[in-house]
Structure formats: C-alpha cells, structure tokens
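Worksheet: the structure to be examined is printed underneath.
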Amino acid sequence: MRRKNIPFTLENIEKHIHDVAGVRVICSYADDIYSIAEALIRQDDIKLIEKKDYIAHPKPNGYRSLHLIVGIPVFFADQKRNMKVEVQIRTIAMDSWATLEHQLKYKRKITDEEEIAEQLKECADLIAVIDSRMLDIRTKIEANSSDPTEEEILLKKLSKFDMPIE
C-alpha cells in the first residue's frame, strides 16, 4: 500500500491488493495448467477477475506461469466476504526456473547484469522446449494406451471438489 501511495485501510486493501492470499499449483505438463484453470473458474463460487498468461506471453526475462486473480468467498466468524486471491499455475520445470532465478537474484547487486539476464532467459527458453517435448512424449504414450490419460485422471480428481463432505 505504501509503495502504491494508497492509504492503509481495509477498504483500500480489498480494492487494490489482489494477492493478500495466494496459491501456487504445480503440475506436470503445460496442458494441465489450462485444464486446472478451467476447472477452477467453472466453480460456481469462484469468479475470474483477471488472467495473466505468461506462458503464451512470457515476461522479457523468460518467466512463464499462468496467473489468475479470482474472487472467492472467505468465511469469518460473523460474516462471509468475497476476497481476491492470486492463483499461479505452472509446471514443475517452470517452477524450478522461477525458484532458482529468484534465489540467484533476490536482493543482490549483480555485476554483468545484462549477461546474467541473457543466460537466465536462455535457460527459461530451454526449459520451455523441454516442457513441450515432455508433453509430446506423454501424448504419444497415451495415444497407444487404453488406460485413462493424465488429464482424465486429473479432471476426475478435480470433479470431486464439488462433492459435499459428510
């Protein structure tokens, strides 16, 4: 709030801050990202507010992930309020790169910053190629199998979220 020069009030937090709470979902393959996102926003109590697709449009440094800002009901002792939550969905490989990039650069003064940034971008691009190849391999294996696909298994698991707890 201070960085944005916005007065610190509950109303302003609800209006201007979209990641008071957050969830990161790590999945195996890039196509799982979109299946999970679709299943999430199909929930009748979740409202999609904003979508940032850094997979289709990576950040200049190579960062890839799907970010969703969603409105969800949060239950307090005396009331229910809709709150904004950021959901980041990415593959294991994307998460590995993002974690290591953050670890390498966090609050450090870096000499040869342009060269390091270029090398990190190259690594991100290589990881994207590997993600794509792994998905291709999975698709080929599943095409020759009568077993349920990873996507079918995932969607079956996600469909159980709507079941009442008894």
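Observations, loosely collected:
- Annotation: amide H-H contacts under 5 Å for C27 (H modelled 1.01 Å from N, sequence separation of 5 or more, or interchain): R90, T91, I92.
- Per-residue 3J(HN,Hα) values for the stretch 70-81, derived from phi via the Karplus relation 6.51 cos²θ - 1.76 cosθ + 1.60 with θ = phi - 60°, read 10, x, 10, x, 10, 9, 9, 4, 10, 6, 10, 10 Hz in sequence order (x marks Gly and Pro).
- Close amide H contacts of M83 (hydrogens built in the peptide plane, cut-off under 5 Å, sequence separation of 5 or more or a different chain): I72, V74.
- Filter on K15/K109; K51/K121; K47/K80; K52/K157; K84/K157 - keep pairs with C-alpha separation over 27 Å: K15/K109
- Helical mean residue ellipticity (222 nm; -39500 (n - 2.57) per DSSP H run of 4+; nearest 500) of the chain: -14500 deg cm²/dmol
- Sorting the segments 5-18, 128-141, 31-44 by their residues' average number of neighbouring beta-carbon atoms within 10 angstrom, most packed first, yields 31-44, 128-141, 5-18.
- Globularity ratio of the stretch 10-162, using Cα Rg and 2.2 N^0.38 Å: 1.23
- Calculated from backbone phi, Karplus (6.51, -1.76, 1.60) coupling profile of the stretch 62-67 in Hz, x at Gly/Pro: x, 4, 10, 4, 9, 10
Since every read-out is calculated from the coordinates, none of them should be taken as a lab result. Quick caveat: nothing in here was measured; it's all calculated off a predicted structure. Heads up, the Cβs are rebuilt from the backbone with ideal geometry, glycines too, and the neighbour counts pull from every protein chain shown.
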